[in-house]
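The values are calculated or read from the model by the stated rules, or taken from the named source; none is laboratory data. Only a predicted model underlies this, so the values are computations on that prediction, with no experimental measurement involved. Every residue, glycine as well, gets a Cβ built from its backbone with ideal geometry; the counts of neighbours run over all protein chains shown.
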Amino acid sequence: MAQATMGGSATGARPTLFLRNATGLVKAWSTFDAFVYSFWSVNLITLGLYGMSFLYSVPDGQALVSILLFGVLTTFLVVTYAMLVSVMPRTGGDYAWQSRILGGAAGFVLSITGWWFTLFLWAPIYANILVVQFFSPLAYTLGSSSVANFFTSQNGIFVACLIVLAFVSVVVTLGMETYARIQKVCFWIGLGGLAVMILILAFASQSDFQNAFNREAASLFGASGNAYQATIDAAKTGGYGGSDFSTISFGPILLILPFLAFYLLWPNWGATLYGEVRGAKDIRKPFWSMFWGLWVTVALVAVVVLLMVKTFGWNFYQAANAAYWNNFYAVSGAKAPPVGIWPYPVMFAGWLVDNHLFQAVLIIVMALWFFGWAGTLFLSSTRVIFAAAFDRVLPSWAANISAKRRVPYGSLVLMIVPSIVVSAIYAYKPSFTSVFLDATAVLALTFLATTVAAIVLPWVRKDLYNASPIASYKIAGIPAISIVGGVTAIFLIFMLYEWFFNASNLYGTSFQSTVSSVVYFAITYVVAIAIYVIAFVVRRNQGIDLNRIHHEIPVE
Amino acid sequence: MPRIFFATDLHGSEVCWKKFLNAARFYGADVLICGGDMTGKAIVPLVSENGHYSYVLGGEALTVAADQVGEVEGHIRRRGYYPLQMTAERLHELDADPTKRAECFQEVMLDGVDRWMKMAADRLRGAGVRVFVSPGNDDEMEVDEVIRRAELVELGEGRVVEIDGFAMISTGWSNPTPWKTHREESEAKLAERIDSMASQVPDQGKAIFNLHCPPYQSGLDEAPAIDADLRLLHGGRALRPVGSTAVRQAIEKHQPLISLHGHIHESKGAVKIGKTLAINPGSAYEEGMLMGAIIQLDPKKGIKSYQLVNG
């Protein structure tokens, strides 16, 4: 039987470990591969540009400083999750950690609301991004305004939701190995498209852009005169007072953070999957993959923002967003902007080349940022549902996989059917819009629960902690995971406070102003509690004690 | 009504073995089944120098005084590795000679299994608990003899055993793996091995198949995809079914009451294959967590209840 030595004669160093051939002894996975997944999760183009289009609400906020601050604070989240991965690399991520540390009931309710119920809301958000970044700009560029108009209608929005759900279902059915290959192709071509966009913005002046904007506004949207200035004027009718990129004010910088969470809070999105990865106990792998996923994005965002400031003019970009959203939300007095679709920076950059075919190709290439990313919408959710089903909290059919195609049809049904209902509400009941704005906040609440689990881990599960590679990481005698988790918790609590209690309803999610979202989320937590209680009673009658799942067997 | 506790793939973790033995009282089980792969994968040398001992664990180089070695050995065993005190000369001798290293490994492993067997006898003598162990593909053939000699533990491999009116067949053999381990064979031979036992079971409705390798494409056999160089692909996110078609066909053909599996640590789950409930409780031996399944059997209902636990 062949055997191996680590640190042995082959390297000239003293051997530190003698290994024998045994199942599962694999070589480490590539940090780059895992980085790609994390990079997609904090998607610069899809989520990033969409999220940044709301920054006009804090005109005195300095976007660049906020982005860098967010990167620093989210690094604590990354460290917290990397440490948890190394202690308990379990399938299920948040659910597994919370239930093993905080208890089965708390773990189920806190994680299932975030990773299951809240992701229903993300399907329409993804669909909306697909419409504003792909269908609408492409249709206008190709001269088909009727197609663009369809996708802004209620039926069009619902159809877009169905397209997203169909795409996600296909990806889950294909499996991650196939999709990972697709992702890599999308990654490289998408990066190429971004490089082209950056070069165009870098070599164009603001007057070039003004001319290009006015030309395409007339050509594609039938606008007349100085559409650039008209856009700024339209924003003013909705109450927008202008924005100066050079203004730095601490308070507004902090107020921007909850907006940035929409895309920068997710480098740990793959944490629910790390349990399936051998070698996850090595803290460096999950840490560096998430760290670089976050910071490469932060760096690219910084570059794109600076180029937009230089070429579009920051005040114009903010005004275009303000004019669009004020018109969309029918803000009192708001006037429709001359370019009546979402201000897509990629489309604007394309306009600097006076060729509609080139503009269309750029939009299509940049859509790969969507298609390489959107497929993982339900991937983590299915893992959490599996974990809950194996714990017998959900019925066993929830974890069923079809024999031939290995489709997790149980969990897919649990995700897709409610998503269709929620998508219909999104499309046909605009009064529920505030509910969807809460989608980020509820996931942040789930992360907070995991962070609390991380903070108390060294005391609540001493056995696991002491056996883990991070047991020796201490600062002034205090476990590093508790300190890092503490910083993360403060960061998350600040954002949650702003989302739920901001006095001027800056994020559209303050409890005092959005009763429908309070009711919706109260219902989700009540339903989660009800599922657990029902499961507890049913299983007890079957002779199964759910409390027993995570109780440690005494060693001695 | 037998109440079974099944765990598997302890891979040398002494903490997990102790928990396994204590699971009888903790979960009220009267039958304990260890599904294989009980031996460790690595030796951690504790090198004696100038009255101190040096070792590397988790990438960290450490030196301890002689009176702390016992504590360190316990910590290493907890992780599923074998601690071994040696001189620097012996270290280099083992490093240079694969044959001597293999002999050393076997000696350490068999000592470990023997210690575990004695521990079982000490803890469970007179408790009325039956303990079955069926070595897995990672366990060398010599392990069987150590178990056979054990006072209280019964060897499951290759036999049909009766458990309160239910019949259990066991094998730790698997289909070929990239690691070329000790008990691997072609699917055809594995099918023959299983069939030769299954055909002796009088009532498949009361049969327990304790087969280390999970059935192919069952969801209990999903392992990270690797390349020919054993390197994980796609950041470890891509999964492939690696179970045995022979095991699957045996389950589909005989439709036992329940089938118990391990082998793929990440693929914890419980699925139905026809009438058969197939379980892989997974393994987290490195953290000292004992993942297992509690199965309450009933002469009339068959399976009264089952539960996967993380003890």
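Does A:Ile544 satisfy the condition of being within 20 Å of B:Tyr306 (Cβ to Cβ), buried (at least 18 other Cβ atoms within 10 Å of the Cβ), within 14 Å of chain B (Cβ to nearest Cβ) and in contact with a Leu (Cβ under 7 Å, 6 or more places away or on another chain)? Criteria not met by A:Ile544.
Looking only at residues of the range B:223-248 that are in a strand (DSSP E or B) and aliphatic (A, V, I, L, M), we find that the one that is nearest to B:Ser283 (Cα to Cα) is B:Ala223.
Of everything listed in (1) crowded, with 24+ Cβ neighbours inside 10 Å; (2) at pLDDT 90 or above; (3) small (Gly, Ala, Ser), the single unmet condition for A:Gly71 is (1). Of the listed requirements (1) assigned to a strand (DSSP E or B); (2) of a type outside the set (Gly, Ala, Ser); (3) more than 10 Å from every other protein chain (Cβ to nearest Cβ), B:Ile251 misses just one: (1). Going by the conditions given, is A:Ser510 out of contact with any Lys or Arg (no Cβ under 8 Å at 6 or more places or on another chain), assigned to a helix (DSSP H, G or I) and either of a type outside the set (Lys, Arg) or over 17 Å from A:Leu77 (Cβ atoms) (or both)? Answer is no for this residue.
So that you can scan it fast, the table gives a plain yes or no per residue for (1) among the polar types (S, T, N, Q); (2) within 16 Å of the chain's Cα centre (by Cα); (3) surrounded by fewer than 17 Cβ atoms within 10 Å (Cβ to Cβ):
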| site | (1), (2), (3) |
| --- | --- |
| B:Val153 | no, yes, no |
| B:Gly156 | no, yes, no |
| B:Gly172 | no, yes, no |
| B:Asp195 | no, no, yes |
| B:Pro202 | no, no, yes |
| B:Tyr216 | no, no, no |
| B:Leu220 | no, yes, no |
| B:Ala228 | no, no, yes |
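Please return the ranges of helices (runs of 4 or more DSSP H) entirely within the range A:180-266 where 1 or more residues are of a type outside the set (D, E, K, R), out of contact with any helix residue (DSSP H, G or I) (no Cβ under 9 Å at 6 or more places or on another chain) and within 27 Å of A:Tyr140 (Cβ to Cβ). First the steps, then the outcome.
Values: elements: A:206-221, A:227-237, A:250-264.
It comes to A:206-221.
Just one of the listed residues (B:Val153, B:Val72) is in contact with a helix residue (DSSP H, G or I) (Cβ under 8 Å, 6 or more places away or on another chain) and either modelled with pLDDT of 95 or more or farther than 30 Å from B:Ser196 by Cα (or both), namely B:Val153.
Would you pick out the residues in the range A:472-499 that are of a type outside the set (Ser, Thr, Tyr) and touching an Asp or Glu at 6+ places or on another chain (Cβ under 9 Å)? Result: A:Trp499, single match.
Identify all residues within the range A:547-556 that are surrounded by fewer than 19 Cβ atoms within 10 Å (Cβ to Cβ) and β-branched (Val, Ile, Thr); write none if there are none.
A:Val555
Can you find a residue that is among the aromatic types (Phe, Trp, Tyr) and more than 22 Å from A:Ala217 (Cα to Cα) anywhere in the range A:142-151? Among the residues of the range A:142-151, not one is among the aromatic types (Phe, Trp, Tyr) and more than 22 Å from A:Ala217 (Cα to Cα), which makes the answer no. Is it fair to say B:Gly269 is more than 30 Å from A:Asp463 (Cα to Cα), within 13 Å of another protein chain (Cβ to nearest Cβ) and surrounded by 23 or more Cβ atoms within 10 Å (Cβ to Cβ)? No.
In the range B:118-126 there is at least one residue that is basic (Lys, Arg), in contact with a Leu (Cβ under 6 Å, 6 or more places away or on another chain) and assigned by TED's automatic domain parsing to the domain that holds B:His212. Screening B:Ser48 with (1) out of contact with any strand residue (DSSP E or B) (no Cβ under 9 Å at 6 or more places or on another chain); (2) polar (S, T, N, Q); (3) not in a helix (DSSP H, G or I) gives one miss only, at (1). Filtering the range A:449-477 to residues that are surrounded by 19 or more Cβ atoms within 10 Å (Cβ to Cβ) and more than 9 Å from chain B (Cβ to nearest Cβ) leaves A:Ala449, A:Thr450, A:Thr451, A:Val452, A:Ala453, A:Ala454, A:Ile455, A:Leu457, A:Pro458, A:Arg461, A:Tyr465, A:Ile470.
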